[in-house]
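Let me begin by presenting the structure, written as structure tokens, before commenting on it.
The values are calculated or read from the model by the stated rules, or taken from the named source; none is laboratory data. Just so we're clear, the structure is a prediction, and the values are computed from it rather than from any experiment. Cβ: placed from backbone, ideal geometry, glycine included. Neighbour counts: every protein chain shown. The accessibility values were calculated without ligands, DNA or RNA, using every heavy atom of the protein model including side chains. Shrake-Rupley method; radii C 1.70, N 1.55, O 1.52, S 1.80 Å.
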Amino acid sequence: VLWVETIVPPQPTVLSQGRTVHGVPPWNARGLTGVGVKVGIIDGGFQGFGALMGTELPSTVVALCYLAIGSFTSNLADCENGEVHGTAVAETVIDMAPDATLYIANAKSRGDLQSIASWMVSQGVQVINMSLGWGWDGPGDGTSPFSVSPVKTVDSAVAAGALWVNSAGNAARTSW
């Protein structure tokens, strides 16, 4: 005998523990699976996304990948820049809404963010999730004097009908 190996049965698709914590199974059982919903994810990068397509992530994705400020491609490999956070966010979205269509993008600047949001809205994206933050941008009251302010970008996307969801609290006590 040269080799003995345990027979491992096929494994189900990996689903996060968050599904249960957030009460997702009953919603999915009622047919609320994200079918027909376009979800945009704006993050720093999507390392490993391609390797998870067809298993933990959908087999197709629409991507806008910035190589440098103002320079982008639609090649998913260009979004795989070493940063994994965007991939984790995408996995979470698909765990909650497995039939949603994903649009992903990695912003390099505030101007890029404005272009990405405009592109997503033009593609009919209904929900935009962003897990990025920038430094001081105004007085902290939801206004900004800057034309490329993320605050103004969010306002434009919401005015166009998108629901904008942003991460909060990652910096804890170091923010304000």
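Things worth noting here:
- Each residue in the stretch 133-150 was checked for being of a type in the set (S, T, Y), open to solvent by less than 20 Å² (accessible area, probe 1.4 Å) and over 23 Å from the mean Cα position of the chain (by Cα), and 1 pass.
- Set V158, V125: member being hydrophobic (A, V, I, L, M, F, W, C) and open to solvent by 30 Å² or more (accessible area, probe 1.4 Å): V158
- Residue match in the stretch 12-21 (condition: out of contact with any His (no Cβ under 9 Å at 6 or more places or on another chain), outside any loop (DSSP other than H, G, I, E, B) and modelled with pLDDT of 95 or more): no
- A search for C-beta distances below 7 Å between a residue of the stretch 22-49 that is more than 23 Å from T87 (Cβ to Cβ) and open to solvent by 30 Å² or more (accessible area, probe 1.4 Å) and any residue that is part of a loop (DSSP other than H, G, I, E, B) and of a type in the set (D, E), counting only pairs 6+ apart in sequence or on different chains, returns nothing.
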